[in-house]
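In what follows, a single structure is set out as structure tokens and then discussed.
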């Protein structure tokens, strides 16, 4: 998987210090963090921007303020930004304080987020 292992360790440490129950999944060519069976955030190397990006699921109400932060940009995989999600460039999560800001937005939104539908197995 193409993601920054040091960034993953930083995220793990911050979430563990906050006693956040989480697990990770390899997804979308990167690493996805899950909380309560919902995507919390993720990290991946983005070829379009040629850099490591943090994917943050922050919700629509936090979106406008987040877009004013250093390194923040719309999360856009297909030419159409995803509502309530942002990409954050390394300049936006350089310090643990900055990374903690993004993780707190994700954690605060998580209880409001909808869980993806589970696939039904064949009987």
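Observations
- Complete set of residues in region 62-93 that are in contact (Cβ under 8 Å) with a residue 40 or more places away in the chain and within 15 Å of residue 105 (Cα to Cα): 62, 87, 93
- Looking only at region 40-50, residues that are in contact with a strand residue (DSSP E or B) (Cβ under 7 Å, 6 or more places away or on another chain) and over 17 Å from residue 106 (Cα atoms) come to 2 in all.
- In the set (1) modelled with pLDDT of 95 or more; (2) farther than 18 Å from residue 4 by Cβ; (3) surrounded by 15 or more Cβ atoms within 10 Å (Cβ to Cβ), residue 88 fails one condition alone, (2).
- Residues in region 11-30 that are touching a helix residue (DSSP H, G or I) at 6+ places or on another chain (Cβ under 6 Å) and either surrounded by 19 or more Cβ atoms within 10 Å (Cβ to Cβ) or touching a residue at least 40 places away in the same chain (Cβ under 8 Å) (or both): 1 in all.
- Test result for residue 33, surrounded by 11 or more Cβ atoms within 10 Å (Cβ to Cβ) and modelled with pLDDT of 95 or more: yes
- Selection status of residue 61, farther than 16 Å from residue 5 by Cα, in contact with a helix residue (DSSP H, G or I) (Cβ under 9 Å, 6 or more places away or on another chain) and loosely packed, with under 15 Cβ neighbours inside 10 Å: yes
The values are calculated or read from the model by the stated rules, or taken from the named source; none is laboratory data. What you see is a predicted model; the values in this text were computed from it and never measured. Methodologically, a virtual Cβ is constructed for each residue, glycine included, from the backbone with ideal geometry; neighbour enumeration extends over all protein chains shown.
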